[in-house]
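Remarks on the structure that follows.
Values quoted throughout were computed directly from the atomic coordinates according to the rules given, and no laboratory measurement underlies them. Remember, predicted model here, so these are calculated numbers, not experimental data. For neighbour counting, all protein chains shown are included, and Cβ atoms are generated from backbone atoms with ideal geometry for every residue, glycine included.
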Amino acid sequence: MERLGRYTLKLSGTTGVIGYAAVGGKTEGEGPLAGGFDYIYPDDGMGQSTWEQAESAMLNNALTKAIKKAGKKNEDIDMLFAGDLLDQCSSSSFGSKDLNIPFLGMYGACSTMALSLGTAAVFTDSEGAYTAAAATSSHFCSAEKQFRFPLEYGGQRTPTAQRTATASGAAVIERKRQTGIIIDKVIFGKICDLGITDTNNMGAAMAPAAADTIKNFLSDTNTKPEDYDLILTGDLGKVGTELLYELLQTRENIDISKVHNDCGLMLFDPEKQDVHAGGSGCGCSASVLCSNIFNRMENGELKSVLFFATGALMSPTTALQKLSIPGIAHGIHFICK
């Protein structure tokens, strides 16, 4: 492993994804990417008595499927890096408590998949673990209950609001891999805060962090957007994507629009589904990555993918105190050998 420039870590080229899985709720099952999911729940209750327990069950399902698809057992996993949106990362801790795997809880808001997978890759590549797993989840109902209002309140959502994905994604990685999906580089971003206070406009809060991390990665690696098959963000939605383009083009003279897509714009069909500005939540980018993107890499459609997951680092307390919303974005460069 070596450091490129100021922020980017270049891994050995032998740490790769050996298993992955994505599961989703009813609305996700009606979206354009449903065919790539490993399981779609018929309803968002998922057979549980609370929304929080449903989210934990969903994460457990995705993680169990990823481990099985990797040809591993729970005892083969040296470390699990996982987190979610709920207080004290309760969904991931309750969802993995019976798996008997060393657990490292992580919080990066909606950037958690890049944070957990990037950290797992660094541990694995440096031989701190031989096999590691990364997972995250989100649930529309549990997130609305914590950050906004319970569903029974019937609050109206603004056009800039995004729908929290009811989904979970998990991946298992291992070192000493020569072929397949390889984690080539990792970048951990800086907190960016431009003073956005509207909790119904996460795209605006996260776009500056995405622009900063993308700019730093391209500078560190001396590469251009066209050097990649896909630059994927998650999840800025419609508003955040437009702001990202503007920030990069006007301030840095960087145009990613020809090779860019956003998980918040991919997961749902905005013409047929009422998701306002798109999807959001930890499970949005995690499920898109661990279904559509990895599937396309394995079938040869994509060879080089930059994945930047973005997060709004607010809490219910800071929102009520009218504080601004800090943003963060972490990135991973995947290549397929």
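Assorted remarks:
- Built amide H within the under 5 Å cut-off of Thr164, gap 5+: Ser280
- For the stretch 175-190, backbone phi angles converted through the Karplus equation (6.51, -1.76, 1.60; θ = phi - 60°) give residue-by-residue couplings of 8, 6, 9, 10, 9, x, 7, 9, 8, 8, 9, 9, 10, 9, x, 9 Hz, Gly and Pro being listed as x.
- Karplus-derived 3J(HN,Hα), 6.51/-1.76/1.60, for each residue of the stretch 264-277, Hz, glycine and proline x: x, 9, 8, 5, 10, 9, x, 7, 10, 10, 7, 10, 6, 8
- Karplus-derived HN-Hα couplings along the stretch 166-172 (A = 6.51, B = -1.76, C = 1.60, θ = phi - 60°), whole Hz, x at Gly and Pro: 8, 6, 9, x, 9, 9, 10
- Measuring how big the chain is from its alpha-carbon positions, Rg and Dmax come out at 18.1, 53 Å.
- Gap separating the Cα centres of the stretch 1-64 and the stretch 232-296, nearest whole Å: 16 Å
- Potential lengthening of the chain between Tyr39 and Gln321 amounts to 97.6 nm, from the contour at 0.36 nm per residue minus the alpha-carbon distance.
- Projected label distance in nm at Arg251 and Asp87, using a 7 Å step from Cα toward the beta-carbon: 3.4 nm
- Among the listed pairs Lys272/Lys303; Lys73/Lys190; Lys72/Lys97; Lys26/Lys145; Lys69/Lys303, those beyond 25 Å (Cα-Cα): Lys272/Lys303; Lys73/Lys190
- Among beta bridges that DSSP assigns inside the stretch 181-336, antiparallel share in %, nearest 5: 65 percent
- Only helical runs count toward this figure. For the chain, summing -39,500 (n - 2.57) over DSSP H runs of n ≥ 4 and dividing by all residues gives -9500 deg cm²/dmol at 222 nm.
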